[in-house]
Amino acid sequence: MVMSSSSTTLTEPKAWYGPPPPPELTDNAASLELLSQGAEARVWLATIDISGAISKADGSTSSSSSGGSKRSVHVGSGINVPQLSSLTQHPSPLSDESSSSSSSSQSVKVIVKERFPKKYRHPALDVSLTKSRTKGEARSLIRCKRAEVACPKVLAIANWSNLKDSDGNVNKKSETAKAGNVSTTSSCLFIEHVQGCTVRQYFEQRLESTATQDSPSSKRQRLEEGDDSNLLEFKQQQDRVTTVIDSHTLCVAYNIGTLVGKMHAAGVVHGDLTTSNIMIQNPPPPTKDITMQETEQRSWEADLVLIDFGLATSTNSTIVTAAAASNNDAPNNSKKPHKQQHSAEEKAVDLYVLERAFLSTHPESEPLVEEVLKGYREFFEGLGSNSDGSTEGTFGHVAKAIFNRLEQVRLRGRKRECFG
């Protein structure tokens with residue numbers, strides 16, 4: 001299904017289904033590309049022209065201070081997110097993203113996660129659920145960002161209608177307007193566009209590059225001259241799909257464990273940890289020269305970013321920040337850190353989901369799973385220690401409690417696999 005308008009180029013390699021996207025998005029974005037769609041939401045890559053917003057913000061500061069103040073949406077935990085009423089509003093919260101990337105840029109690429117209306121839900125319930133889930137995702141992203149966990153930056157939230165009136169204008173009269181007893185409001189979350197590839201794509205590319213370097217044609221020629229049993233065994237090995245295990249992929253897995261540990265320490269549980277929801281911002285460029293490739297990979301270290309916090313939940317933070325500690329008196333600061341509350345069950349389930357994702361998506365990846373858990377454990381063991389190693393970490397008990405609960409979660413999972 002392809003939509004077109006006079007002002008928007010809608011590049012759509014994947015066809016969307018369900019209610020149409022909000023006209024505010026399709027009419028005012030310079031280009032719009034569907035990246036993925038699930039039962040809950042659509043993910044768009046939008047190019048938005050904000051040259052008018054930048055020029056107006058630079059040229060008329062008095063008007064913005066008098067009547068153009070930015071609106072915000074409270075998403076909980078004392079966190080406010082800029083509200084986007086229109087892509088053409090002045091000043092635009094998206095202009096900050098453009099100015100941070102390039103001062104001369106007149107457009108910005110952003111990810112728009114659109115939670116569209118559901119026909120099977122009551123209109124009022126649908127609007128409430130859609131808004132609360134969008135706010136929850138924004139809240140988790142901002143909590144991670146404040147704890148310096150690598151994740152996309154939240155730019156704005158918008159609640160837009162999917163319908164137009166008879167004159168072609170967007171219908172903004174009521175959020176629970178009914179069209180055959182169906183909600184007409186989409187909740188859109190604007191976040192930073194992260195370039196790169198997913199960890200899953202990287203592992204698959206490594207497998208393909210390794211397969212081409214093995215040059216099986218010479219082996220096949222030698223085997224064809226021998227008996228049929230050796231040829232059959234060779235064909236079975238060629239059809240077998242495995243995961244490349246080397247120092248480089250093990251380093252990526254270790255960094256994944258460290259990143260997940262940092263997120264859990266910030267009090268956020270992802271809920272959908274897979275290798276498709278972890279991106280590498282600086283994937284190594286493919287090269288045919290094996291010697292050059294090995295040299296580049298020796299000096300390369302993955303820059304990982306967590307994405308897709310749609311199922312994320314919040315727990316008690318493990319890390320006591322310096323600001324929080326300064327507000328307490330000296331006797332309270334001497335309390336043992338193990339008395340701080342933390343939820344081991346949710347974090348253990350998060351690790352179990354990641355473990356099953358590795359084993360089901362990447363065959364024979366047990367060494368990578370062990371490296372992920374090693375990085376996770378060592379991150380918590382290093383919390384509270386000095387950089388020179390003079391002071392030992394004081395949060396090793398947190399990892400121990402989580403791993404003990406992980407064993408119980410594994411037993412429950414095995415029981416479910418055996419008995420259904």
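The values are calculated or read from the model by the stated rules, or taken from the named source; none is laboratory data. Note that this is a predicted model, so its numbers are computed, not measured. Cβ sites come from the backbone with ideal geometry, for glycine too, and all protein chains shown count toward neighbours.
Worth a mention:
- Residues of the range 126-152 that turn out to be touching a Leu at 6+ places or on another chain (Cβ under 8 Å) and among the charged types (D, E, K, R), as a count: 1
- Residue list for the range 356-370, restricted to those being surrounded by fewer than 22 Cβ atoms within 10 Å (Cβ to Cβ) and in a helix (DSSP H, G or I): Arg356, Ala357, Leu359, Ser360, Thr361, Glu366, Pro367, Val369, Glu370
- Restricted to helices (runs of 4 or more DSSP H) entirely inside the range 1-97, those with at least 3 residues that are in contact with a Ser or Thr (Cβ under 9 Å, 6 or more places away or on another chain) and at pLDDT 80 or above are 23-28.
- Among (1) at pLDDT 95 or above; (2) surrounded by fewer than 16 Cβ atoms within 10 Å (Cβ to Cβ) - the single one Ser174 does not satisfy: (1)
- Each residue in the range 142-158 was checked for being more than 14 Å from His74 (Cα to Cα) and in contact (Cβ under 8 Å) with a residue 12 or more places away in the chain, and 9 pass.
- Of residues in the range 384-403 being within 18 Å of Asp350 (Cβ to Cβ) and at pLDDT below 90, the one surrounded by the most Cβ atoms within 10 Å (Cβ to Cβ): Val398
- Considering the range 177-201, the residues that are buried (at least 22 other Cβ atoms within 10 Å of the Cβ) and not in a loop (DSSP other than H, G, I, E, B) include one that is modelled with the lowest pLDDT, namely Thr185.
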